[in-house]
1. Calculate the mean, over all residues of peptide A:90-96, of how many other protein chain Cβ atoms lie within 10 angstrom of the residue's Cβ.
2. Express in whole angstrom the spacing between the alpha-carbon centres of the stretch B:120-176 and the stretch B:71-94.
3. Which residue, A:ALA38, A:ALA86, A:ALA158, has the most motion in a Gaussian network model of chain A that connects Cα atoms within less than 10 Å?
4. Which distances, shortest first and in nm, link B:ARG142 to the matching position in the other copies, using label points set 7 Å out along Cα to C-beta?
5. Which whole number gives the average count of other chain Cβ atoms within 10 Å of the Cβ atoms across peptide A:164-177?
6. In straight Cα distance, which lysines are under 24 Å from A:LYS120, not counting same-chain residues fewer than 8 positions off?
7. Within the stretch B:109-146, list the trypsin sites (Lys or Arg not before Pro) lying in a DSSP loop whose Cβ has at most 14 other Cβ atoms in a 10 Å radius.
8. Taking just the alpha-carbon atoms of the protein assembly as shown, what radius of gyration and Dmax come out, in angstrom?
Number of protein chains: 2
Amino acid sequence: MGDQISEQTINRLSLYLRFISELDATGVRAVSSKVLAAQFDLNAALIRKDLSHFGDLGVRGVGYIVKDLKHRLRQILGLNRHLNVAIIGAGNLGLALADYPGFRQEGFRIVALFDSLSTKVGGQSRGGVRIHDIGELDLVTRRERITIAVIAVPAAAAQMVVNTVVQTGIKALLNFSPGTLRVPPEVKLKSVDVTVSLENLAFHLARN
Amino acid sequence: MGDQISEQTINRLSLYLRFISELDATGVRAVSSKVLAAQFDLNAALIRKDLSHFGDLGVRGVGYIVKDLKHRLRQILGLNRHLNVAIIGAGNLGLALADYPGFRQEGFRIVALFDSLSTKVGGQSRGGVRIHDIGELDLVTRRERITIAVIAVPAAAAQMVVNTVVQTGIKALLNFSPGTLRVPPEVKLKSVDVTVSLENLAFHLARN
């Protein structure tokens, strides 16, 4: 198991976890794949298939036990430990991401911002994340046990920054710059492409 | 045609357009599905299938004529006209998005920011996008012919803001708030969920 899990399945596991956590917080004890299907506008069989990759999580006639499923999803997604994240680029986007409240509740900790501008270095985000000089990336990454880097620099600088980050040994990158970036095969790069999402909306507007 | 086009196909069309535009800018005149496949780490047959939804765009023995394909992709994606975009929420994220250079080159125009804080209203982003009072949304939307709204407000306010936006008649929303938001069936909502992307990275880190 593991290798054949699609990116789509992994993304859906995150969505399930979000909803299951809400259910748990409101005291719900069990949930069926039908309820999950209605919530996400998906087929119940698809949801059962997504979850069956990771063993037999359902209980016949009951559905999924909310607390168990939450625990298992967190485990599957590698969220049963804190993950320390660095943000490269302390512009508006980097500062917005540094204080994004969603990260904390999911077990991610933004431990450092990095920038090359001396006027920014030594400052901090509104939420108190300190801005370091990019030259200290290697040092701070080791000290703070950073395993994920978020790339929030202008497109022209992005590939160079990615190369620097990869050299420190960080194996997981979340990229917000437009355009294609290259990483070695052992490094996982996910891109959040705002233009693709906007163009998807434009497509739907053009059709209607 | 149209209804059976998947979201994945639409998203890939955006990526093809990005690369085709780069090829065009560097003077390349024709490109094969094999070259596109290598660029995107996809199967050439999948790329031909994506493009065949929209008529016979390839030329036998030549591949795709770059200028023609670019023109056709822009048309398919509804980018052959300017699309005016409003950003709701003038915090760090809203301000970052307002000045995001990628939007302009793709034909999107950020024409207004909105916020409810009187200390922000009347100000502008670094790039010169003016911040309006959210109470003026209806008026400014009509005046500026806004067709897309970007939701960049805290999660607790998001559903209320979405309802207000939908009431103005805007049919396309790009959401940056975490959590599930409801819109009527005639409205298209795309969510950019940063936590899902980070959890996808966490999954890969946990496996390796």
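Taken together, the values in this text are just the output of simple stated rules run on the coordinates, not laboratory data. Just so it is clear, the model here is predicted, and its values are computed rather than measured. Counting neighbours? That spans all protein chains shown, and the Cβs are built from the backbone with ideal geometry, glycine included.
1. Numbers: counts 0, 5, 12, 7, 2, 5, 10.
Averaged over the peptide's residues, the number is 6.
2. 14 Å
3. A:ALA38
4. 6.4
5. Values: counts 0, 0, 0, 0, 0, 0, 0, 4, 8, 1, 5, 1, 5, 1.
The shielding value for this peptide is 2.
6. Excluding near neighbours in sequence, the set is B:LYS120.
7. Values: sites: B:ARG109, B:LYS120, B:ARG126, B:ARG130, B:ARG142, B:ARG143, B:ARG145; in loops: B:LYS120, B:ARG126, B:ARG145.
Passing sites in the stretch B:109-146 are B:ARG126, B:ARG145.
8. 21.8, 63
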